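Asker: Can you read through this structure? Questions will come right after.
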Amino acid sequence: MHYKTITLALLEANPSLCARLKAGRQLLSTMERLATELKASHQSLMEQLRTRNPMAAPEQIASQALELAVEALQDRIAEGLLAGDSGLQPIFLGGTTGFSPPPTPNE
């Protein structure tokens, strides 16, 4: 996965936040931290989805987990932008991501 590329693209999609981070010389460190958190969130979600639906194809689980992790990061960046928070608190804390995977068709 290219977590840094994904994270940088999400940050650059928010020009005012990106400008604040650049002005404070925090863009690189913030991007790297968020990319690490995105990876951890993706891995955690893959495990949750595997547990909920062990018969699903690994590619499907990885794709769905990445989509959920990216959506959570996008929301967090948007919330940080509205709050003026260029620190962007972590999305991945203690093995949880703040949301549950969607129900499987069997539920």
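The values are calculated or read from the model by the stated rules, or taken from the named source; none is laboratory data. Computed from a predicted model, the values in this text were never measured in an experiment. With ideal geometry, Cβ positions are generated from the backbone for all residues, glycine too; neighbour counts draw on all protein chains shown.
Asker: Does Leu38 satisfy being in contact with a Phe, Trp or Tyr (Cβ under 7 Å, 6 or more places away or on another chain) and at pLDDT 95 or above?
Answerer: Judged against the criteria, Leu38 is a match.
Asker: Working only within region 6-32, note down all residues that are without any contact (Cβ under 8 Å) to a residue 12 or more places away in the chain and not in a loop (DSSP other than H, G, I, E, B).
Answerer: Within region 6-32, Ala9, Glu12, Pro15, Cys18, Ala19, Lys22, Ala23, Leu28, Ser29 meet the criteria.
Asker: Still on this structure: Checking the condition of a type outside the set (Lys, Arg), surrounded by 11 or more Cβ atoms within 10 Å (Cβ to Cβ), touching a Lys or Arg at 6+ places or on another chain (Cβ under 8 Å) and at pLDDT 95 or above, which residue from Ala56, Ala9, Ala69, Ala65 passes?
Answerer: It is Ala56.
Asker: Something else now. Criterion first (at pLDDT below 95 and in a helix (DSSP H, G or I)) does Gln74 satisfy it?
Answerer: The answer is yes for Gln74.
Asker: List the pairs whose first member sits in region 41-61 and is under 22 Å from Ile6 (Cα atoms), whose second member is at pLDDT below 95 and exposed (fewer than 10 other Cβ atoms within 10 Å of the Cβ), and whose Cβ atoms are under 8 Å apart, counting only residues at least 6 apart or on separate chains?
Answerer: Short answer, once both residue conditions are applied: Ser44/Gly95.
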